[in-house]
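J.: Quick one: structure below, then a few questions.
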């Protein structure tokens, strides 16, 4: 006998979105994890056992591999260069391209529609072979999906990526910087270790390098805003491993529902609740109750929002009206109050009510000039628990940290007597001011001093011996002249900004502003401190020139004007840039003028030996820096120096303008007026200099089948035709064709 029993579930079982079956979810679905087998090809000869296919995908026994897949790229030898392992239970990996130096694949998480690209890199040790890597990465183009590139590039991207060993040369980073300048990706900000590789040498020099990197495109940041990469050190491998994680966003969820006791006072409360409750609902009895309560919640929320919205608007309107009335009434009330006070007979009592008045003696003491000792006395009289200002730092902080106020560099002859005199003078200074040197942060440097004298001086000063290059205020001070290899930090700062801006769609005016305010600002700072080699100034000018006209990687763009024209002052028809060679000379002339006026006391007495810099002879033992200044005597006249002085102060800009031999233009004031939009100013400057890319110019560099004007289609498109001869131009300017 068969008996049917009706069963009603109070809840529904889980349902898979992939296959539509009940009882499991997408992560446990067999449909989402297909098994792909690729058998090993049998070899023709039995002794040829070392041949391995280029790719091998293994899913094997689930008991042993735990639903994992792996792919390996090999070079024909016994070791694999790149191996990717994933768990096909959660992700699907599609290998799109593979090489001995990279594996490019598409990854899709189970249950998600968004996929992303991953490129794993293991660069070759040969620079020539790495060029194939850069060419292949460049060939992927601008991907329109999230893209991340990571791995061991075996290449450095900046001069600061190596510590120890042979310094990084410009040729070592040229190919990497050229690829990065294409604007495909930008470097991902990573935490923890900066150097990701070291040679593990216990004996000898330890070398650290940054060989492993992570790059992403803009779409990756939008898709995974909470992703982060962290390099951590391992004790076995010479590389640090990279952990890339995507954290869940801590978004604030929906505000929990809470019934308010004043809601029943609303006129439509009962009607809204009953109409929502009586609406038909499918399901079991318990499921109907849950759905009806959920529906009533939304009804009450919408009802409350309508009422509260009207109340908020009314409150806001009343507040604005009240504030307006107060603003109008307050001046009237104050005017009437003061008028009554001044007109009353008791106005004589108004002055004493403001407080006691100062005597003449007290007024004189207030305006008496104060000395440095008065300031010190007042500062030290403030209790340590009090704060002298609004920054929150108490006076106790300044009393304890006054020894960290300044960094000083003292020069002396390399003998014991000179150091004794400096030590005694410094001791007297410490006793008089209360300041003292921090021996833990102080160092002493020697140059061509005998070992015996060095030990005696070290015993006297009790300081640690330092090594060159000396770092002072964040700047390296080499013992010799600055070489091109020492200026890598300047090029790194400029390339870092350029690589970030290349991926942005910037107009000519935007690039012009960035060059003015950022790139040339970095160059001017370093030139004002050191005598930069000419090779570096030329490289900086080239980077700015390529960025201005939109060069990306190896793809050059048409230069609308020469760099010499662009570097002219605005009043001479240029854009106000300063050419590196001439600007370097102008800043060097500043030091020459100070020597000429004998304002550098140390240099006047030591270097010049009390003579004028105009008559001082150049000697073989003269330093490289000072020889550069002496060479300016031929190229600089007294008239130029006098003209460059403005208000008893040397102006490098005025001296630079003297080096420019051009005629003034009349349109500079119109083009570069501050009220004109920068983009319009740039186009106007192109127009006045006949630099617009009309068809009669484009045909010289690219094939154009028709050079007629696109508007009238009558004559050849040129500057004169576009502005004056075209029918549309006449209609705009004259009102008739």
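J.: Looking at the square roots a ≥ b ≥ c of the eigenvalues of the Cα gyration tensor of region 693-733, which shape do they give, rounded for a/c under 1.5, prolate if a/b is larger than b/c, or oblate?
T.: Here region 693-733 falls in the prolate category.
J.: Could I ask something else about it? Rank the residues 638, 725 as a footprinting-exposure proxy: fewest other Cβ atoms within 10 Å of their Cβ go first.
T.: 638, 725
J.: Further, regarding this structure: Run the simple label-point estimate for residue 712 and residue 22 please: 7 Å along Cα→C-beta, distance reported in nm.
T.: Going from the residue 712 label point to the residue 22 one covers 7.9 nm.
J.: Find the relative contact order for region 484-659 and round it to a whole percent, using C-alpha pairs within less than 8 Å whose residues are 6+ positions apart.
T.: Relative contact order for region 484-659 comes out at 17 percent.
J.: Please label the shape of region 414-472 as rounded, prolate or oblate, based on the square roots a ≥ b ≥ c of the eigenvalues of the alpha-carbon gyration tensor (a/c under 1.5 means rounded; beyond that, a/b larger than b/c means prolate, else oblate).
T.: Oblate is the answer for region 414-472, as a/c is 1.5 or above yet b/c matches or exceeds a/b.
J.: Could I ask something else about it? If the chain between residue 379 and residue 432 were fully stretched, how many nm would it gain, using 0.36 nm times the residue separation less the Cα-Cα distance?
T.: 17.4 nm
J.: For the residue pair residue 222 and residue 559, what label-to-label distance in nm results when each label sits 7 Å from Cα along the Cα-to-beta-carbon direction?
T.: Spacing of the two 7 Å Cα→Cβ label points: 3.6 nm.
J.: If you don't mind, another one. At a Förster radius of 45 Å, what calculated FRET efficiency corresponds to the Cβ-Cβ distance of residue 360 and residue 442, to the nearest 0.05?
T.: 0.25
J.: Please find the FRET efficiency linking residue 314 to residue 463, where r is the Cβ-Cβ separation and R0 is fixed at 56 Å, and quote it to the nearest 0.05.
T.: With a Förster radius of 56 Å, E is 0.15.
J.: Given the Cα-Cα distance of residue 594 and residue 202 and 0.36 nm per residue of separation, how much length would full extension add, in nm?
T.: Working it through step by step, the gained length comes to 136.0 nm.
J.: Counting other C-beta atoms within 10 Å, which of 485, 681, 467 has the fewest, and how do the rest follow?
T.: Ranking 485, 681, 467 by Cβ neighbours within 10 Å, fewest first, gives 467, 485, 681.
J.: In whole percent, what relative contact order does region 693-733 give with Cα contacts below 8 Å and a gap of six or more residues?
T.: 31 percent
J.: Compute the Cα gyration tensor for region 666-737, then decide on rounded, prolate or oblate, letting a ≥ b ≥ c be the square roots of its eigenvalues: rounded whenever a/c is under 1.5, prolate when a/b is larger than b/c in the other cases, and oblate in all that remain.
T.: In terms of gyration-tensor shape, oblate.
J.: Kindly put 487, 357 in sequence by how many other C-beta atoms sit within 10 Å of each C-beta, fewest to most.
T.: Result, fewest neighbours first: 357, 487.
J.: Measure off 7 Å from each Cα along the Cα-to-Cβ vector at residue 372 and residue 485, then give the distance between these two points in nanometres to one decimal.
T.: 4.5 nm
Values in this text are rule-based calculations from the coordinates and carry no lab data. Not measured: the values here are computed from a predicted model. Neighbour counts are summed over all protein chains in view; Cβ atoms, including those assigned to glycine, are modelled from backbone coordinates with ideal geometry.
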